[in-house]
Amino acid sequence: MTPSSPGCRSFVRVVESFLDGELEPSALIEGERHVASCAHCRERVALGRALKASVRELTCAPMGNEARSRLRKSMEAEMARTPSPRAAGTSSPRTRSAVVGLSFGLVAAIAAAFLVVPHLIPGLFAGPFPGLLAREAPREALAVSGDDDDALRELVAEHVHPLPMDGIDIQTVQGLEQYIGIPLRKHFPPSRARLVGARIVPVQKERAAIVQYELVPEGGGAGAPRRISVLVFDPRRIHLPSVLMRGDSQEIHQVRTTRTQGMPVAVMEDNGIGYALSGDVNEAQAVELVRYVASP
Amino acid sequence: MFLRSSRPSDDAFLDEAIGYADALNGVARRMCRDAALAEDLVQETLLKAIKGRDQFAPGTNLRSWLFRILTNLWVSRYRRAGLERATFDGPEVDPISDGWVSAETMRQLRDPEQVAISSLLRAELERALELLPEDFRMAVILIDAQDFTYEEAASALSIPMGTVMSRVHRGRKMLQKVLIEQGRSLGITKADGHAAGDAKSEPPANLQAFREKKFRGTP
């Protein structure tokens, strides 16, 4: 078999996945069959494996015992300093251990009630921002058919699987301004949303901040609080799809909406600062909230 | 019916997280090129993980989560702004075609006894790895050295899976190209590499020019 034979050409297209063990079983068997019968591809695979093994060897850097012991001590100290809510007997909304003593039928009945009752009594489950659930997206919020974007994907990823925060109070969050070069001073009032924290995120090789909040249920109601995440960025450096960020002055306070990975995202620019908000809210709420946090 | 989600204890979390210290350190060393700085980066990564342990969803991939913290920290704090943002222009930016390299040449690049690159080329490989654009280097290291799946690497680097595959492919091709050129200049391989097919139109890699360009402007 020669390197230009159809078998080789097909194999070359998948050789990396073959090396990385990412082929479907049937394609893998076909690849193995080809490699067994083709000296050239056999050598190609051998070189690929040799390269992988050498990269592995070169990047092997075990920590010394002393460094590891230092590390463990710091981690233990950090653990003592920041006791886990679950260890203290309280449970975080996202991670608590669930001990549920309800029959399946009862759970189903409650679920059905949640689905049906809000339609019957629209005002009852209005949440922290009365009227938002019942309201359509404001007319001036332009819906943009959603092309996913790195920045928005990062926002949604951070919302769904948040990483540890860099700052958890107003002062430390404000301290992050030096990393992103724009102010981080607008927040929701505590009666509406509790600041969970903020962290610096790399977006398009620039830095932005993601600030997370928990919405305060209206009337102090119980239940797991809904979270929202706001990406605060410099629109001169970080570019959302152009249709989301039009810089002309007439549209300076225009909220634009899209969906990224199924989540609603509302975007607004004010005074040279970009805000993109997503979270456990519907589109209308996202629009209302981003307008609230971005407006002067 | 009682449903109970299994949540590891704090001690178990700490033990599991510290179990990845060597892997994190290996990658951090390649990113920082400085042992002490790499250790700081690993320490900060693990401390952030401890601090945010309640945000980790049990049952998901801790290794991937830790590497995501590490790469985020690297980009946002440790990397010197601008210096590491190597972009390629000239011949290196082109997608590297699968040019004709004979089986004999490929064989000569390998160590006949070990499943690794020839020891004569090991230093060249190390240098070539350091010269890879950072994004490509990270992808190659996670996949090749840490045995990440494409999906895990995509999660750790916060990029789509297709981008991981493309970066790994291009990174490996760059490494291979440097090795072939060096093998030829050291007389390890015969001069048959890139002799036919698509590779004809591709200018040969010039390692010296590549390095000069890479370090131009670096203080």
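My understanding is that a pair violates if its Cα-Cα distance is over 26 Å; which of A:K205/B:K48; A:K52/B:K177; A:K73/A:K186; A:K52/A:K205; A:K52/B:K48 do that in this structure? Listed pairs above 26 Å: A:K73/A:K186; A:K52/A:K205; A:K52/B:K48. Relative intensity of segment A:6-58 on a log10 scale, I(q)/I(0) at q = 0.22, 0.30, 0.31, 0.32 Å⁻¹, equals -0.78, -1.23, -1.27, -1.32, per a Debye sum over C-alpha point scatterers of equal strength in the absence of solvent.
What list do you get for B:S9, A:S10, B:S64 if you sort them by fewest beta carbons within 10 Å? Each step should come with its number before you reach the end.
Details: B:S9 11, A:S10 14, B:S64 19.
Ordered by Cβ neighbours within 10 Å, fewest first: B:S9, A:S10, B:S64.
Counts of other chain beta carbons within 10 angstrom of each beta carbon in peptide B:38-51 average 5.
For A:Q178 and A:R68, what is the calculated FRET efficiency with R₀ set at 30 Å and r taken between the beta-carbons, to the nearest 0.05?
Numbers: r = 32 Å, r/R0 = 1.08.
After rounding to 0.05, the efficiency reads 0.40.
Ordering B:D34, B:D135, A:D234 by the number of other Cβ atoms within 10 Å of each residue's own Cβ, fewest first, gives B:D34, A:D234, B:D135. Mean sequence separation of contacting Cα pairs (under 8 Å, at least six apart), scaled by the length of segment A:1-80, corresponds to a relative contact order of 28 percent.
Exposure proxy check: B:V101, A:V196 ranked by fewest other beta carbons within 10 Å?
Lowest to highest Cβ neighbour count: A:V196, B:V101.
Any read-out appearing in this document is the output of simple, stated calculations on the displayed coordinates, not a laboratory observation. None of the values given here were measured: they were computed from a predicted structure. Cβ coordinates were reconstructed from backbone atoms using ideal geometry, including for glycine residues, and neighbour counts include every protein chain displayed.
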